[in-house]
1. Go through F100, F53 and list them by solvent-accessible area, largest first, probe radius 1.4 Å.
2. Give me the percent of DSSP beta bridges within region 45-196 that run antiparallel, rounded to the nearest 5.
3. I need the calculated FRET efficiency for the pair D166 and D251, taking r as the beta carbon distance and R₀ as 35 Å, to the nearest 0.05.
4. For region 51-115 and region 159-192, what is the centre-to-centre distance using only Cα atoms, to the nearest Å?
5. Return the long-range amide H neighbours of L2 (sequence gap of 5 or more, or a different chain), with a cut-off of under 5 Å between placed amide H atoms.
6. State which stretch of the chain is the longest one without any exposed trypsin sites (Lys or Arg not before Pro), exposure meaning a DSSP loop state and at most 12 other Cβ atoms within 10 Å.
7. Based on C-alpha coordinates, I'd like the Rg and Dmax of the chain, in Å.
8. Can you pull the percent of region 25-122's accessible area that's carbon plus sulfur, 1.4 Å probe, other chains left in place?
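The values are calculated or read from the model by the stated rules, or taken from the named source; none is laboratory data. The structure displayed is predicted, hence computed values, not measured ones. Note: ideal-geometry Cβ built from the backbone for every residue, glycine included; neighbour counts use all protein chains shown. Surface areas here come from the heavy atoms of the whole protein model, side chains and all, with no ligands, DNA or RNA. Shrake-Rupley method; radii C 1.70, N 1.55, O 1.52, S 1.80 Å.
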Amino acid sequence: MLVVRTRAELRAALATVPRPVGLVPTMGWLHAGHVSLVERARGDSATVVVSIFVNPRQFGQREDFAKYPRNEARDLEACEAVGVDIVFAPTVDEVYPPGFDTVVSVGAIAGPLEGAARPGHFDGVATVVAILFALVGAERAYFGAKDYQQVQVIRRMALDLALPTDVVTMPTVREGDGLALSSRNARLSPEGRAAAPVIHRALEAGTALVGGGEREAAAVRQAIFRVLGSEPRVTPEYVSVADPETLAELDRLDGRALLSLAAFIDGVRLIDNERAGG
Ligand code: AMP
């Protein structure tokens, strides 16, 4: 496994590798969710590239960039163990060289939900992913459904900018108690960790209601809020019942819906989502 830190080293390493190339962009603190993406990439590709970069541009001023968990040595071991060929672990200045002055800004799909809760977040995501797509030139790149809107934003960008990398989405990997794996789970206190499965339980209550025939989106949002409210440590930020294509909030559910939420537990911000309806 080759570990490269500069744009030039990455390009040089990729010049002669067998194709197709699969790219898995990450912010490190790798867990079984990331590993599921790498394993899929390994199965599809002759060469697997993982990027490890905590991207400052996708964090707001008051967000947790400084506190985001980092452990490169452990991440490199995990990459080696799943058969990664190249790890790209650049510094901030290498990704954004002096004078860097470009923003990739995706439109309507980046507006609601995470885009509304975290102004500028998706500009940061789209910009760094565009750089990674350009540098790696992979046939495919792999993303997790846990960050549903992120995948929609990246798909839109790749289509609009004619980027030659196909976007592949993988299902959310969960703990036994339903909590979606996330690097941020490492920041939960033991009590917070014990409370956190309520997020998935709340979404399941929503999908069960829809499955039982409920068609009023407001009733579904209310049911999700009610379950979240059973855990005093949890502070919901938003609960959404939206069209899975446009992410616009629904009044009535006629086809499929995306149930999603963001909530703080002990100051740690977690997100999750479930598809509902037929
Ligand atoms: P991150 O390091 O959190 O930026 O995540 C890197 C990639 O892994 C993104 O495409 C995420 O959607 C994906 N990912 C994160 N958590 C999970 C999970 N629990 N299951 C599947 N994919 C995940």
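1. The ranking, largest first, comes out as F100, F53.
2. Antiparallel bridges: around 10 percent, rounded to the nearest 5.
3. 0.50
4. Centre-to-centre (Cα) distance: 14 Å.
5. The answer is I86, V87.
6. Values: sites that count: R62, K67.
No qualifying site falls inside 68-278, the longest such stretch.
7. Using the Cα atoms of the chain, the pair Rg, Dmax is 19.0, 56 Å.
8. Numbers: 2430 of 4600 Å².
Heavy-atom surface of region 25-122 belonging to carbon and sulfur, 1.4 Å probe: 53 percent.
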